[in-house]
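Below: one structure, written as structure tokens.
What follows draws every value from the coordinates through simple rules; no lab data is involved. Every value quoted in this text rests on a predicted model; they were computed, and no experiment measured them. Cβ placement follows ideal geometry from the backbone for every residue including glycine, while neighbour counts extend to all protein chains displayed.
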Amino acid sequence: MDNNQRREFFGPAGDTTWNLERLRKTTRSFHPSAIDIRDRAAVSDYFKANRFDLIIHCAAQPSHDRARDIPLVDFDVNAVGTLNLLEATRQHCPEAVFIFMSTNKVYGDAPNEMPLKELETRWDYARPEDFAGVSEECRIDRTMHSIFGASKVAADILAQEYGRYYGLRVGVFRGGCLTGEHHSGVQLHGFLSYLVKVAEAGETYTIFGYSGKQVRDQIHSSDVVAAFLEFAAHPRPGEVYNLGGGRENAASILECMSKIENLTGRRIRWKYEESARKGDHICYITDLTKFRRDYPNWRLNWSLDRIVERMVGRI
């Protein structure tokens with residue numbers, strides 16, 4: 001189910017029609033529907049007619065910045081849309097596994113309270129005990145989330161309750177930077193994909209605050225899917241997992257720019273805005289300890305270098 005709302009949020013650059021057509025040509029048994037997840041009756045009818053055994057819910061208004069200007073739409077898509085899908089599952093296919101793609105923005109800026117040290121090209125955690133990154137123990141309240149983060153908190157908690165309270169086989173994954181060569185990245189969402197596009201087009205990239213040393217960990221979409229398949233095979237109702245590239249796939253904006261420049265042989269033009277985004281993370285590295293403990297067969301197959309190389313068309 002995808003009504004290409006991303007085009008409405010981000011304009012032509014965010015349009016996913018090209019990917020829909022690619023999937024039509026390269027897959028079997030693919031039956032897309034343009035239902036809007038805010039349409040409760042349509043969602044319910046669709047679930048009743050199909051009786052799914054696995055639902056992977058990745059539909060969202062995904063931008064930290066865009067949500068500021070459309071708070072009602074943001075909440076209706078992220079929170080109410082999620083409720084519609086959960087309730088349709090409960091009513092029509094309660095034995096199904098339901099995977100909800102949440103976000104690390106549910107932690108708000110609480111991760112910024114972890115002591116940091118400034119290095120030449122990045123921020124990093126100052127204490128050895130924080131080396132692995134942010135775990136699921138990080139609090140989600142008493143912190144600035146952004147409007148987007150708040151709507152995803154509502155959806156995150158709802159999904160947990162449908163697992164814990166109703167007993168549905170729901171798993172919640174708090175994603176970091178999910179990426180890959182098929183990402184329709186734009187300035188407001190999809191950092192690494194957008195940075196590659198800017199570099200290849202010779203445009204100017206804007207860095208917002210923290211001297212460009214803010215750190216994110218990148219995970220390729222195929223590694224995300226592999227994690228989902230592990231959970232689907234052995235679901236743990238109501239469980240929450242952080243999902244990202246971890247320490248090995250973590251890099252700052254400056255470091256990512258350097259990787260792309262080395263591959264393309266071209267300098268990236270950029271400008272600096274002193275003001276950081278409200279509620280943004282300075283250093284966010286996903287602690288994968290919990291998921292790796294519960295699903296030891298899962299592993300990261302895509303390094304950050306391999307992700308960037310694929311994005312610039314080298315492999």
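Okay, here's what the table says:
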| item | result |
| --- | --- |
| Prolate/oblate/rounded call for the stretch 20-66, Cα gyration tensor, a/c under 1.5 rounded | oblate |
| Local electrostatic count, A96, Cβ distance below 12 Å [Lys/Arg +1, Asp/Glu -1] | +1 |
| Debye equation applied to the C-alpha atoms of the stretch 140-288, log10 I(q)/I(0) at 0.10, 0.15 Å⁻¹ | -0.42, -0.88 |
| Order of I56, I260 - criterion: other Cβ atoms within 10 Å of each residue's Cβ, fewest first | I56, I260 |
| Bridge type composition, the chain - antiparallel percent by DSSP, nearest 5 | 20 percent |
| Order of R127, R122 - criterion: other Cβ atoms within 10 Å of each residue's Cβ, fewest first | R127, R122 |
| The stretch 34-131: GluC sites (Glu not before Pro) in DSSP loop, at most 10 other beta carbons within 10 Å | E95, E120 |
| Net charge, R142 excluded, C-beta distance under 14 Å - Lys, Arg +1, Asp, Glu -1 | -2 |
| Sequence of C58, C256 once ranked by neighbouring C-beta atoms within 10 Å, starting from the fewest | C58, C256 |
